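What follows is calculated from the coordinates using simple rules that are stated; it is not laboratory data. Here the structure is a predicted model, which means the values were calculated and not measured. Cβ sites come from the backbone with ideal geometry, for glycine too, and all protein chains shown count toward neighbours.
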Amino acid sequence: MVQIVKRWNIRSWSQRNISLIPDVVGVYVLYNLKKQPLYVDMSSNLKTKLLNHYNYDDILDVAFFKCYHTDRRGGIILKDKLYHDLYPKYLS
């Protein structure tokens, strides 16, 4: 079982909303305008990773995101579970 320390609801894809996410280990999901999953990944620093995606615009059509704060082991398990449950458009 994965221990999720904190879960953030879906937020619009903006630098302001990303800046509200702390520098913690976790998993994130990027969604398009229809709230269909595009990408699932884990990061040792959620805020930095999301800001990199935002600044480089490296994943097309992102409109929303959702984050989960976990420990490293839990993040690996949760990423795999979300990937298999959501079937995102892009591979991580």
Per residue, what volume in Å³ does the Cα convex hull of the chain take up?
83
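Lys and Arg at +1, Asp and Glu at -1: add these up for the other residues within a Cβ distance under 11 Å of Lys66 and post the number. If you can, show how the numbers build up before the last one.
Numbers: positive: Arg7, Arg11, Lys35; negative: none.
Result for the local shell: +3.
Select from the chain those chymotrypsin sites (Phe, Trp or Tyr not before Pro) which occupy a DSSP coil region and have at most 16 other Cβ atoms within 10 Å, ordered by residue number. It would help to have the intermediate numbers written out before the result.
Numbers: sites: Trp8, Trp13, Tyr28, Tyr31, Tyr39, Tyr54, Tyr56, Phe64, Phe65, Tyr68, Tyr83, Tyr90; in loops: Trp13, Tyr90.
Here the chymotrypsin sites (Phe, Trp or Tyr not before Pro) that fit, given the DSSP loop and packing criteria, are Tyr90.
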Ranked by GNM mean-square fluctuation in the chain (Cα springs under 10 Å), the top entry among Lys47, Lys66, Lys81 is Lys81
Would you tally the net charge around Pro22, using a Cβ to Cβ cut-off of less than 12 Å, leaving Pro22 out, and scoring K and R as +1, D and E as -1?
+1
Segment 52-61 - phi-based ³J(HN,Hα) in whole Hz, Karplus 6.51/-1.76/1.60, Gly and Pro as x
4, 4, 5, 5, 8, 6, 8, 10, 6, 6
Please work out the Cα center distance from segment 45-92 to segment 1-17, rounded to the nearest Å.
10
Starting from the 7 Å offset along Cα-to-Cβ, what nm value, one decimal, do you get for the label separation of Arg16 and Ala63?
1.9
Karplus-derived HN-Hα couplings along segment 25-40 (A = 6.51, B = -1.76, C = 1.60, θ = phi - 60°), whole Hz, x at Gly and Pro:
6, x, 10, 9, 10, 9, 10, 8, 4, 7, 6, 8, x, 9, 7, 10
Under 14 Å by backbone N from the virtual spin label 7 Å along Cα-to-Cβ at Asp85, the residues of segment 32-60 are 37, 40-41
